[in-house]
Amino acid sequence: MKKYATVAEYLADLEGDKLKQVELLRSMILKLNPDLIERIKWNAPSYALEDDDRVTFAMNKTGITTLVLHMGAARKEDKTAQPVLADDHGLLEWKSDIRGLMAFDSSQEITERADDIADVLSRWIAL
């Protein structure tokens, strides 16, 4: 697997709808907070506030584009506790109280749910 040093390198290896999915979500994320830092984590684009990663892309071989919502390594997660964020839109699959997954299989889905996605992401970043 290729190791990416920059987001530009990562994007250069994408094509078609996968590239469109990442571009749509990336644009949405970058508009959320001017203090977000874009970098590579887990070999994919990640968005942090200071040193705390908050949203990271995860791509799988089946074509699903996933956003991992997390709170970095400073806060210990509890897999039995209630999530710290209410998801009224049904977008998140919670793995712990501070780690949830938001998955998409097409740019059309992202476009159709853009307002819901932006709502969840903006509330997550604000935590």
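Below is a table of values for the structure above.
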quantity: Hydrodynamic radius of the chain per Kirkwood, over alpha carbon pairs, in Å; calculated: 14.9 Å
quantity: Whole-Hz couplings from phi, Karplus 6.51/-1.76/1.60, listed for segment 100-107; x for Gly and Pro; calculated: x, 10, 10, 10, 9, 10, 7, 5
quantity: Spin-label proximity, ALA118 to segment 65-105 - amide N less than 15 Å from point 7 Å beyond Cα toward beta carbon; calculated: none
quantity: Protection-proxy order for peptides 110-116, 12-18, 25-31, each taking the mean of Cβ atoms within 10 Å per residue, highest first; calculated: 25-31, 110-116, 12-18
quantity: Whole-percent carbon and sulfur share, accessible surface of segment 33-127, 1.4 Å; calculated: 47 percent
quantity: Computed [θ] at 222 nm, deg cm²/dmol, the chain (DSSP H ≥ 4; -39,500 (n - 2.57); rounded to nearest 500); calculated: -9000 deg cm²/dmol
quantity: Solvent-accessible area per residue for the chain (1.4 angstrom probe, square angstrom); calculated: 56 Å²
quantity: Principal-axis tilt of helix 114-126 within the chain, Cα atoms, nearest 10 degrees; calculated: 60 degrees
quantity: 18 Å reach of a label modelled at ARG75, 7 Å along Cα-to-Cβ, counting backbone N of segment 32-52; calculated: 33, 35-37, 47-52
quantity: Distance (nanometres) between label positions extended 7 Å along Cα→Cβ at GLN82 and THR6; calculated: 4.6 nm
quantity: 18 Å Cα-Cα reach of LYS41 towards aspartates and glutamates, excluding residues that sit fewer than 8 places from it in its own chain; calculated: GLU9, ASP13, GLU23, GLU50, ASP51, ASP52, ASP53
quantity: Only Lys, Arg (+1) and Asp, Glu (-1) charged, at Cβ; the chain dipole about Cα centre in debye; calculated: 460 debye
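The values are calculated or read from the model by the stated rules, or taken from the named source; none is laboratory data. Remember, it's a predicted structure, so these values are computed and weren't measured experimentally. No Cβ is skipped: glycine too gets one built from the backbone with ideal geometry, and neighbour counts run over all protein chains shown. Just the protein is used for accessible areas: all its heavy atoms, side chains included, with ligands, DNA and RNA removed. Shrake-Rupley method; radii C 1.70, N 1.55, O 1.52, S 1.80 Å.
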